[in-house]
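Notes follow once the structure below has been shown.
Just so it is clear, none of the values below were taken in a lab; they were calculated from the coordinates. Remember, predicted model here, so these are calculated numbers, not experimental data.
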Amino acid sequence: MIRMSEIPLELLNEMTPAVRAFVELLRARIQEQDRVIAAQQQRIEERERRLGMNSGNSSLPPSSDGPGRQPVSTAPQSRNPPTNAEVSPGI
């Protein structure tokens with residue numbers, strides 16, 4: 001951000017009081033916009049963090065995952081191949 005002291009002296013000397021006041025007004029607006037942008041960025045980051053949460057990576061219950069999420073199986077996977085009874089066509 002440009003401060004009045006950062007403006008070259010030869011330009012400062014050429015500024016009328018009205019121009020200086022306008023520059024200060026613009027500086028104040030820029031400072032306010034910077035503050036708003038920082039607050040919004042913080043809100044966005046928090047919401048993005050929350051969007052990434054589900055029952056698999058947080059303490060949220062599975063019901064909070066929504067309809068598109070597949071349930072996470074907590075049962076251990078068996079290393080044994082299925083038996084004939086498990087793969088029979090069920091005639």
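Can you tell me the length gained on complete extension of the stretch Asn54 to Gln42, counting 0.36 nm per residue apart and subtracting the Cα distance? Mind showing how you got there, number by number?
Working: separation 12, 0.36 × 12 = 4.32 nm, distance 2.09 nm.
Between Asn54 and Gln42, full extension yields 2.2 nm more.
Taking region 4-64 on its own, what percent of its Cα-Cα pair distances exceed 17 Å? Please report the intermediate quantities before stating the final value.
Numbers: 1152 of 1830 pairs.
When all Cα pairs of region 4-64 are counted, 63 percent exceed 17 Å.
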